[in-house]
Amino acid sequence: MFVFRQLNRVGHHSTSDDSSAYRSIDEINSFDKKHNPIVRFRDYMTKRGCWNDEKEEEWKEKSHKMVKEAFERSESTKRAPITTMFEHLYDEMTPHTKRQVKEMNDHVRQHHDQYPLALYEQSK
């Protein structure tokens, strides 16, 4: 007997795939509600007494606070110098890359009002 087993993923196969072309939106949403791995794991933990609504609410509050604090810390920390995007491409910087760094620096200097340079550390 052949048994059709649905896939364990809700999303598309790849960025070039649109599963709504061969699945209805209702089918995708239904699958997400019934077979979503997060929902299934939560049900598993709840049935075994390891999880409940109170723990989930406490976890959500703690997680929200942690994310907010991390975001605030990151916002107050200067970003790496913009030239770091050219580092570690090769063992030694090529003449072509050196020229690109110079062109970028010249451009940023010329259009400094368009770039929030105060947010970045200065290049060494």
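Coordinate-derived values only; no laboratory data. In this text the structure is predicted, and so the values were computed from the model without any measurement. Note that each Cβ is placed from the backbone with ideal geometry, even for glycine, and that neighbours are counted across all protein chains shown.
Using only side-chain charges placed at the Cβ, +1 for Lys and Arg and -1 for Asp and Glu, the dipole size of the chain relative to its Cα centre rounds to 320 debye. Of all stretches in the chain that contain no chymotrypsin sites (Phe, Trp or Tyr not before Pro) in a DSSP loop with at most 16 other Cβ atoms within 10 Å, the longest one is 52-89. Annotation: for a label point projected 7 angstrom from Cα along Cα→Cβ of His111, residues of the range 74-102 with backbone N closer than 19 Å are 82-86, 99-102. Cβ-to-Cβ counts within 10 Å put Asp18, Asp113 in ascending order as Asp113, Asp18, the fewest first.
Note down the net charge around Trp51, summing +1 for each Lys or Arg and -1 for each Asp or Glu among other residues with Cβ under 14 Å from its Cβ.
0
Between helix 25-35 and the chain there is an angle of about 80 degrees, using the helix long axis and the longest principal axis of the Cα atoms. Each 5 Å bin from zero up to the one holding the largest Cα-Cα distance in the chain carries the following percent of pairs: 2, 8, 9, 10, 8, 8, 10, 10, 10, 11, 8, 4, 1, 0, 0.
Going Cα to Cα from Lys98, which aspartates and glutamates come in below 13 Å? Please leave out same-chain ones fewer than 8 positions away. Excluding near neighbours in sequence, the set is Glu87, Asp106. Here is the list for the range 17-124: GluC sites (Glu not before Pro) lying in DSSP coil, each with at most 11 other C-beta atoms within 10 angstrom of its C-beta, are Glu92.
Taking the C-alpha atoms only, the angle from helix 37-47 to the longest principal axis of the chain is near 50 degrees. Helix 53-76 and the longest principal axis of the C-alpha atoms of the chain enclose an angle of approximately 10°. Note on Lys65: lysines with a C-alpha under 26 Å away, same-chain residues under 8 apart excluded, are Lys55, Lys78.
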